[in-house]
Amino acid sequence: MDDSQIIDLGEWAEDDFSGRCARAGVTRNKSRQDRTGWDYIVEFPPREIVGVPADLQPVGMSARVQVKSKEKRRPYVDLRLSNALRFAKDPMPCFLVLYQATEGGEPVRIFARHFWSDEIAVALRRARKAEEEGRADLHKLTLRYSFSEEDEHTGDLVAWLESTVAGQTRYAEGKLALVTTLGFEDGGIHGSLSFAAEDLEALIDHQIGLRDVAPTVNITLVQRRFGIDAKTPLFSGTPDIARLRSHPHPARVRVRPPDGDDIWLDGELFLPAVPAPQELMKLRVVADFLEIVINGKNEGQVTLNRDPDCKRGLASHRALIEVTRIAAAGPLKLLVTCEGYPNIPAEVTLPDIAEDDALRQFSNVIACFEKASAGILPPDVTVSQREIDIAWNAIVDFNGMVTGTDFNGAFEFAEALPDTISAPTTTFFFDYVEVGDWVFGAVVRRSVERFELEGATGRIALGPARVVEALVRRASGQEILGELYGLYQQAFRPEKKTALEMCGGSYEGLLAMSGNSATAA
């Protein structure tokens, strides 16, 4: 008899595995009833972390191991599908170990695979396929797992098993994530719909956002995994209300003025997701306040959304003002760009658009806020035209302080000042304005361009304002007043000896004293 032959390879393999565990000090418990696919539960000793209290030390990991053996041919194992699914869904680590003999004897090579993403995916995919085939007898179906040269662990089997799972305190969470996400990479829910041919145009309008509700459609929704649909749909029927919008594509719209810099608006391109004849196709672009709709005949419509209740950032208000001016002066030249699609040029005349006094005044207001918040504007600041209209009188006064250039007047003291007094060279003011939920505060510096004094009366003329400090907050004016006054003092003190202080720097106080409101010249 050849001494290299192994009569009972299965028992020999399990004895060898048990002996390797014993030599490594690893506890192993053999299954008495091998019904669910594992032969051993092995318990690895915990790895002590120096300096960590006992209550925080990690416990040792345990794993299920299936030990298989083959006398010859290629290294692979066949598992029942029911057992493979148990391995996939078991929160414990699971391993496949193969003892591959050489023509029924020694030398014996040992292969091992960790039941992880690839192995789990194979089991889940076959189970979904079995459901499609109407097979419920999973214990009669088998899966083949092959081993490569990289899977050989003849010399380090137990050490490799332990190192694969050592230190993974969230192993079960990671495995559950694989079980619940593998096969759903293209989305878990897929559907189909049917509708009357005469409703096609209405459905296209709905998909690109021109209609709120879809026409009557029959919808079937199924769960799809690994490209295989579940036999029982999640839903099949005609819903009372259906919204079937297409996913928008990031796009940009260029508005080209007759001269000056182009204006670029970020937006979204909406295309229908249903096939249709060219003449029924439409696309829609929404870029901030600008909406463009073009049909399959290359005819279109452009709309400027000037809803007074729509809240916008200052940059959006400025872009709307400039685009309105361009549209009022002549045709609006547009270009829509979207990655993966050809550029779409368009030219349109908007006859109802005009540049009037209201637009110019609104532009001045936005310019005031831009100047008062340069460099400090929070990204979430939004105000509506309606909120600006409500705060109009206060904005006019604030605008006079921030941007006004014509500032001169006469003054009178209670008694004559000494002839030795020197003429001031500068003055400072502070003020705030509340617009909607936001407050804009500023400190300005103005040079004194003329200062004439004769006895107790005199005249003064100030130069243009320069904003030296500013605040923009979601708050009330009273809430920022203390901080704003502190900024005023911080700006005023270094020039105190040559500066003229009027009304303690309060621009509101100056207007109240003069009995007038200021306007920007």
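The values are calculated or read from the model by the stated rules, or taken from the named source; none is laboratory data. Only a predicted model underlies this, so the values are computations on that prediction, with no experimental measurement involved. Virtual Cβ from ideal backbone geometry, glycine too; neighbours counted across all protein chains shown.
Report, by residue number, each residue of segment 222-242 that is farther than 17 Å from GLU131 by Cα and of a type outside the set (Phe, Trp, Tyr).
Within segment 222-242, SER236, GLY237, THR238, PRO239, ASP240, ILE241, ALA242 meet the criteria.
Pairs needed: first member in segment 120-138, surrounded by 14 or more Cβ atoms within 10 Å (Cβ to Cβ); second member anywhere, of a type in the set (Lys, Arg); C-beta distance under 6 Å; at least 6 residues apart or different chains.
What qualifies is ARG128/ARG225.
Please give the number of the condition PHE87 fails out of (1) among the hydrophobic types (A, V, I, L, M, F, W, C); (2) within 30 Å of LYS129 (Cβ to Cβ); (3) in a loop (DSSP other than H, G, I, E, B).
(3)
Listed here are the residues, each with its yes/no results for (1) in the same structural domain as THR403 (by TED's automatic domain parsing); (2) in a strand (DSSP E or B); (3) closer than 19 Å to VAL396 by Cα.
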residue	(1), (2), (3)
VAL444	yes, yes, yes
ALA461	yes, yes, no
ALA465	yes, yes, yes
GLU479	yes, no, no
LEU484	yes, no, no
LEU487	yes, no, no
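Please tell me if LEU221 is in contact with a Leu (Cβ under 7 Å, 6 or more places away or on another chain) and either free of Cβ contacts under 8 Å to residues at least 60 places away in the same chain or surrounded by fewer than 16 Cβ atoms within 10 Å (Cβ to Cβ) (or both).
The answer is yes for LEU221.
Give the residues of segment 337-349 that are part of a strand (DSSP E or B), among the β-branched types (Val, Ile, Thr) and closer than 12 Å to VAL302 by Cα, sorted by residue number.
Correct list: VAL348 only.
I need every pair where a residue in segment 241-266 that is farther than 26 Å from GLY187 by Cβ has its Cβ under 6 Å from the Cβ of a residue that is among the small types (Gly, Ala, Ser) and outside any strand (DSSP E or B), sequence separation at least 6 or different chains.
ILE263/ALA319
Before we move on, is ILE228 outside the structural domain of PRO93 (by TED's automatic domain parsing), within 25 Å of GLU268 (Cα to Cα) and touching a residue at least 40 places away in the same chain (Cβ under 8 Å)?
no
Restricting segment 355-371 to residues that are without any contact (Cβ under 8 Å) to a residue 12 or more places away in the chain and assigned to a helix (DSSP H, G or I), which is farthest from the chain's Cα centre (by Cα)?
My answer is ASP357.
Being under 17 Å from GLY25 (Cα atoms) and either exposed (fewer than 13 other Cβ atoms within 10 Å of the Cβ) or in contact with a helix residue (DSSP H, G or I) (Cβ under 9 Å, 6 or more places away or on another chain) (or both) is the filter here; which residues of segment 162-183 pass it?
GLU162, SER163, VAL165
Output the qualifying pairs, or none if there are none: Cβ atoms under 9 angstrom, residues six or more apart or on different chains, first residue in segment 184-201 and in contact (Cβ under 8 Å) with a residue 24 or more places away in the chain, second residue in a helix (DSSP H, G or I) and among the aliphatic types (A, V, I, L, M).
Matching pairs, first to second residue: LEU193/LEU203; LEU200/LEU280; GLU201/LEU280.
If you check ASP352 against the conditions, is it closer than 20 Å to ASP288 by Cβ, within 35 Å of the chain's Cα centre (by Cα) and in a loop (DSSP other than H, G, I, E, B)?
The answer is no for ASP352.
Working only within segment 139-155, note down all residues that are of a type in the set (Asp, Glu) and surrounded by 13 or more Cβ atoms within 10 Å (Cβ to Cβ).
ASP151, GLU152
Listed residues ARG20, ARG32, ARG64; which is surrounded by 14 or more Cβ atoms within 10 Å (Cβ to Cβ) and over 48 Å from the mean Cα position of the chain (by Cα)?
Matching residue, one of ARG20, ARG32, ARG64: ARG20.
Between ALA242, ALA214, which is among the aliphatic types (A, V, I, L, M) and out of contact with any strand residue (DSSP E or B) (no Cβ under 7 Å at 6 or more places or on another chain)?
That would be ALA214, the only listed residue that is among the aliphatic types (A, V, I, L, M) and out of contact with any strand residue (DSSP E or B) (no Cβ under 7 Å at 6 or more places or on another chain).
For ALA410, only one of the following conditions fails: (1) surrounded by fewer than 12 Cβ atoms within 10 Å (Cβ to Cβ); (2) part of a loop (DSSP other than H, G, I, E, B); (3) among the small types (Gly, Ala, Ser). What is its number?
Of the numbered conditions (1) surrounded by fewer than 12 Cβ atoms within 10 Å (Cβ to Cβ); (2) part of a loop (DSSP other than H, G, I, E, B); (3) among the small types (Gly, Ala, Ser), the odd one out for ALA410 is (2).
What number of residues in segment 235-260 are of a type in the set (D, E, K, R) and closer than 14 Å to LYS333 by Cβ?
Residues that pass the stated criteria total 3.
Regarding ALA13, is this residue crowded, with 16+ Cβ neighbours inside 10 Å, farther than 30 Å from LYS129 by Cβ and touching a residue at least 60 places away in the same chain (Cβ under 8 Å)?
It is true that ALA13 is crowded, with 16+ Cβ neighbours inside 10 Å, farther than 30 Å from LYS129 by Cβ and touching a residue at least 60 places away in the same chain (Cβ under 8 Å).
Listed residues ILE294, ILE204, ILE241; which is in a loop (DSSP other than H, G, I, E, B), more than 26 Å from the chain's Cα centre (by Cα) and either hydrophobic (A, V, I, L, M, F, W, C) or at pLDDT 95 or above (or both)?
ILE241
For segment 152-176, give me each residue that is assigned to a helix (DSSP H, G or I) and small (Gly, Ala, Ser).
Across segment 152-176, the qualifying residues are ALA159, SER163, ALA172, GLY174.
In segment 489-503, how many are assigned to a helix (DSSP H, G or I) and crowded, with 16+ Cβ neighbours inside 10 Å?
Number of matching residues: 2.
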